[in-house]
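Inspection log for the structure reproduced underneath, given as structure tokens.
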Amino acid sequence: MTLTIFFRIVLGLAVVLLPLGHRCIAEDNTVLPLSIKAVKTDFGNFYWERSNLIKLGIGVAGAAVFANTGMDRYIRNKYQDDLRSNATDEATKPFNISATGITLALAPAYLGAYGAGLWFDSPTMVEWAQKSFRATVVGGPALLLLAASTGGDRPTEGDSNWGAFNNFHGVSGHSYFTAVPFITAAKMSENPYQKAIFYGLSTLTGISRINDDKHYFSHSALGWYLAYLSCAVVEKGDDRQERRMRVQLAPVPKGIAITVQKRY
């Protein structure tokens, strides 16, 4: 039941994106196609570009402070003792999905949104679907590596101190996977209020994992931050593609016409 609800939430997000505008990557009625080249660019921007590695290091260092001091445990105890209630449990029920369920739901949701965008001639929906998919893919290896190398336990299993490969819960996969589509929507939106709403929605699953005592604060926060960096590198790669100079040759009655196009 909860998997069906989540699937509907993601598809509903795609429908909401229809009035966001027509931010096209190439010309006025097409988008940058999802291709091996685009994915390779995303991976290069994420894992080899110095500025992104610095941002990733800052995020990991911040999570380490919470995890390897008493801060994570304090936040957990404070929330479970003073804030958690039947109302918060009911509010987080739509997010009580297995990690396998989320990964199985996202792919058809993105594919459905992509197909719907083509069917209804909505470049914005097509762009959102392919950007969300690319962002999910590019950050996946970092998520797996950090989850294992930090070796974090769940709150019900032990403390939050890191120990390489002791466990596999140092980063919240739920927080990562479900934040990507909302952060992508936020980055595409030009309305500041709509942008704020999407960013807020991107944090709900991470909060639900804290509520359900499945993850410490640092786990959920780092999962969300990885999603943010993944969406940012996809956006950056598309911006570079948009600014790239294009040279085209076209036959004309008395020779060949050469056109040069560059976007700023």
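Values quoted throughout were computed directly from the atomic coordinates according to the rules given, and no laboratory measurement underlies them. Keep in mind that what you see is a predicted model, and the values were worked out from it rather than measured.
Odds and ends about this structure:
- Excluding same-chain neighbours fewer than eight residues apart, the lysines reachable from LYS131 by a Cα-Cα span under 28 Å are LYS37, LYS40, LYS55, LYS93, LYS187, LYS195, LYS236, LYS262.
- Centroid-to-centroid separation of segment 43-66 and segment 133-162 [C-alpha atoms, Å]: 14 Å
- When restricted to Cα atoms, segment 114-244 yields an Rg and a Dmax of 16.3, 51 Å, respectively.
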